[in-house]
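Take a look at the following structure, please.
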Amino acid sequence: MLILAKPGADVVSPLSAVLAALGIHAATPYLSPSSNWHQSFTNPGPSLPQVKDVLLRIGDAIQAAGLRAFTLRFDQIHGPQPHNPGDPIHWEFFTSERPKEFDAVITFVKDMQTQLGVPRERGHRPHITCHYRAPCLLPKRRFEPIDWLIDELLLAEGREINGRFAHEVLHRWKLQPALESSRQSRQQSLFD
């Protein structure tokens, strides 16, 4: 169980095209189905009522605090050497920048964990993992930016549905609209 955001077809389709251009297709063993692609805001926890309660309280507090929507701009894919020997190689889409609104959500989650007596997580970076057991390292490859507006967070539980792993959405929280200045700077950067 975790708090995450899931990209829509307007993001999944162009990211899938990036994979296809690299010769990586849906039939690649262990490639995560695009329906499972997500950005995590908490680490996955067990499916227990007390975990759900803590995550609901964190999500409710995020919404009550009026945290703003933000855009992640994906522009690279990379499959680096794992930090720990023996860990699987992950292929991930990355951003070159960290929006301050993204960091505000991460900081808020960590502060709420402390307030609720839950161990603080080390944090998260903007990324989408598309392969959890990649067959080889993948050198960093850049591509034309693909923007993902994150305007809602989800409480999701990982479970097997029809023989496949999937995230079942249990609750949703809308973020406040992005500030006009953020929108204008994103639009301006499209023309630079």
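Roughly how compact is the chain, stated as its Cα Rg over 2.2 N^0.38 Å to two decimals? Can you show the working numbers first?
Numbers: Rg = 16.9 Å, N = 192, 2.2 N^0.38 = 16.2 Å.
Taking the Cα Rg and dividing by 2.2 N^0.38 Å, one obtains 1.04.
Longest segment of the chain with no chymotrypsin sites (Phe, Trp or Tyr not before Pro) in a DSSP loop having at most 15 other Cβ atoms within 10 Å? Intermediate results must be reported in sequence, preceding the final value.
Working: sites that count: Y30, Y132.
After excluding every exposed loop site, the longest remaining stretch is 31-131.
Which of V12, H124, L175 sits closest to the plus end of the dipole of the chain, meaning its Cα is farthest towards the positive end, when Lys and Arg get +1 and Asp and Glu get -1 on the C-beta?
Of the options given, the answer is H124.
Which translational diffusion coefficient, to the nearest whole µm²/s, is obtained for segment 23-121 from the Stokes-Einstein equation, given a Kirkwood hydrodynamic radius over C-alpha pairs, 10 °C and 1.306 mPa s?
Working: Rh = 16.2 Å.
Rounded, D is 98 µm²/s.
Suppose every K and R has +1 on its Cβ and every D and E has -1 on its Cβ; what is the size of the dipole of the chain about the Cα centre, in Debye to the nearest 20?
Values: 21 positive and 20 negative charges, 47 e Å.
The calculated dipole for the chain is roughly 220 debye.
Looking at the chain, identify the longest residue range that excludes and avoids all GluC sites (Glu not before Pro) in DSSP loops having at most 15 other Cβ atoms within 10 Å.
No qualifying site falls inside 1-96, the longest such stretch.
Only Lys, Arg, Asp and Glu count, each charged at its Cβ (+1, +1, -1, -1), so figure out the dipole size of segment 56-101 about its Cα centre, rounded to 20 debye.
Computed charge dipole of segment 56-101: roughly 220 debye.
Still on this model: Using only alpha-carbon positions, what ratio does the radius of gyration of segment 1-71 give when scaled by 2.2 N^0.38 Å?
Compared with the compact-globule rule of thumb, segment 1-71 sits at 1.43.
Please give me, ordered by residue number, the trypsin sites (Lys or Arg not before Pro) of segment 64-139 that lie in loop per DSSP and have at most 14 other Cβ atoms within 10 Å.
Working: sites: R68, R73, K100, K110, R120, R122, R133; in loops: R120, R122, R133.
Answer in residue order: R120, R122, R133.
Additional query: Hydropathy at least -1.0 by Kyte-Doolittle, axial extent at least 15 angstrom from the Cα trace: which helices of the chain, defined as entire DSSP H runs, fit?
9-21, 49-65, 100-115
Moving on. In whole Å and largest first, what semi-axes does the C-alpha gyration tensor of segment 94-150 yield when each eigenvalue is scaled by 5 and square-rooted?
28, 17, 8
For the chain, modelled as a Gaussian network with Cα springs under 10 Å, which listed residue fluctuates most, T107, T28, T71?
T28
On to the next question. Okay, helix-only estimate at 222 nm for the chain: each DSSP H run of n ≥ 4 adds -39500 (n - 2.57), divide by all residues, round to 500 deg cm²/dmol; what do you get? Walk me through the intermediate numbers first.
Numbers: 4 runs with 58 residues, N = 192.
Helix contribution divided over all residues of the chain: -10000 deg cm²/dmol.
Quote the FRET efficiency, to the nearest 0.05, computed for S47 versus Y132 with a Förster distance R0 of 25 Å and r equal to the Cβ-Cβ distance. Before the final figure, lay out the partial values.
Details: r = 19 Å, r/R0 = 0.77.
Given R0 = 25 Å and the Cβ-Cβ separation, E is 0.80.
We did not get these values from a lab; they are worked out from the coordinates using the rules stated. A quick note: this is a predicted structure, and the numbers were derived from the prediction, not measured. In this analysis, Cβ positions are derived from the backbone assuming ideal geometry, glycine residues included, and neighbour counts consider all displayed protein chains.
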